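All remarks here apply to the structure that follows.
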Amino acid sequence: MRLTVLGGCGAWPTADQACSGYLVEHDGFRLLVDPGYATLPRLLRHAPAGAVDAVLVSHGHPDHCADLNPLLRARALDDDPPPALAVYAPPGATDAVLALDKPGMLAQAYALHAFEPGARFDIGPFAAETTPLPHHVPNAGIRLATPGAVLAYTGDTGPSPGIPRLARGADLLLSEATYAHEVPAADAPYLLTARLAGRYAREAGAARLLLTHLWPGTDPAAAHEAAAAEAPEQPIGVTAPGLVVDLG
């Protein structure tokens, strides 16, 4: 299994980094997880739009799904359109994005598969296990498994005992870490710190931790230091555009 980071910026993209977006590949199958703001141009550096086999969305905030629209446009308006793209998302999560164009314009470009967080299903060669994790809107933590590797991804989440369960024994925990040490009180139930991400990675026995969804302007070194204080034995990284991680 190979993970390529397209972006990992929280809330809005910066000049240097797109929002959440991850290309996960195995056995020639390309799964795009969370096509957030500005991820399509980064994706096109690695594969043409028509080469994506499926999309998996953790939740409906636009920094996790907005670029589904230009991805579908690139496919639907191509001279030789590819088959309908399988899109997996919680109920209603992609409604706003899919409504950006006139009715019917993109209808043939995708096949929507709604799932309730907590469901299990297969996407190509990946066995997907999801779990509800706390956020401002319904959010699915995602565990993707192949015979040789496991990737766990939190989407956006607040503190939850479901996170170490989701990431148990994973080769990589890709964890939201909006703030390094403390989340403002109003958002404390819905967002995570790098420090707590480190603790969850340690409790889960995850082989590696990759911090993502840092608030724009957050110092990656500060986030790394906060996570390492809780997980001194785990290798820890911070998402950066083009970062590639091979699992298994």
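Scanning segment 14-24 for residues that are part of a loop (DSSP other than H, G, I, E, B) and within 15 Å of the chain's Cα centre (by Cα), we see that the one that is nearest to residue 148 (Cα to Cα) is 20. Considering 43, 6, 32, the condition of being surrounded by 24 or more Cβ atoms within 10 Å (Cβ to Cβ), farther than 15 Å from residue 240 by Cα and of a type in the set (A, V, I, L, M) is satisfied by 32 alone.
Beta carbons closer than 7 Å, at least 6 apart along the sequence or on distinct chains, pair a first residue in segment 194-219 that is assigned to a loop (DSSP other than H, G, I, E, B) with a second that is modelled with pLDDT of 95 or more and of a type in the set (Val, Ile, Thr) for 213/178; 215/178; 216/14.
Among the residues of segment 121-143, how many are over 22 Å from residue 158 (Cα atoms) and not small (Gly, Ala, Ser)? Total meeting the criteria: 5. For the residues 162, 104, the requirement of being surrounded by fewer than 20 Cβ atoms within 10 Å (Cβ to Cβ) and under 22 Å from residue 229 (Cα atoms) singles out 162. In the set (1) in a helix (DSSP H, G or I); (2) over 25 Å from residue 186 (Cβ atoms); (3) among the hydrophobic types (A, V, I, L, M, F, W, C); (4) touching a residue at least 40 places away in the same chain (Cβ under 8 Å), residue 163 fails one condition alone, (2). Enumerate the pairs (first residue in segment 168-184 and touching a residue at least 40 places away in the same chain (Cβ under 8 Å); second residue anywhere and surrounded by fewer than 20 Cβ atoms within 10 Å (Cβ to Cβ) and of a type in the set (D, E, K, R)) with beta-carbon separation below 7 Å, excluding pairs fewer than 6 apart on the same chain, so at least 6 apart or on different chains. Final answer for the pair search is 171/208; 172/208.
Please note which helices (runs of 4 or more DSSP H) are completely contained in segment 52-108 and include at least 3 residues that are in contact with a Pro (Cβ under 9 Å, 6 or more places away or on another chain).
In segment 52-108, the matching helices (runs of 4 or more DSSP H) lie at 62-65, 68-76.
Of all residues in segment 220-243, exactly one satisfies the criterion of being farther than 18 Å from residue 152 by Cβ, of a type in the set (A, V, I, L, M, F, W, C) and outside any helix (DSSP H, G or I), namely 240. Would you check which residues across segment 192-221 are surrounded by fewer than 24 Cβ atoms within 10 Å (Cβ to Cβ), out of contact with any helix residue (DSSP H, G or I) (no Cβ under 8 Å at 6 or more places or on another chain) and not charged (D, E, K, R) and list them? 205, 207, 215, 216, 217, 218, 220, 221, listed by residue number. Residue-level check: of (1) surrounded by 20 or more Cβ atoms within 10 Å (Cβ to Cβ); (2) assigned to a loop (DSSP other than H, G, I, E, B); (3) touching a His at 6+ places or on another chain (Cβ under 9 Å), residue 170 misses just (3).
Within segment 10-37, residues that are in contact (Cβ under 8 Å) with a residue 24 or more places away in the chain sit with their Cβ atoms under 6 Å from residues that are among the polar types (S, T, N, Q) and in a loop (DSSP other than H, G, I, E, B), at 6+ positions apart or across chains, in these pairs: 10/178; 34/20; 34/58; 36/20. Taking the residues in segment 25-65 that are of a type in the set (A, V, I, L, M, F, W, C) and under 19 Å from residue 90 (Cα atoms) as candidates, determine which candidate is farthest from the chain's Cα centre (by Cα). This residue is 54.
The values are calculated or read from the model by the stated rules, or taken from the named source; none is laboratory data. Just so it is clear, the structure is predicted and the values come from calculations on it, not from any experiment. As a convention, Cβ positions derive from the backbone with ideal geometry for all residues, glycine included, and neighbour counts pool all protein chains shown.
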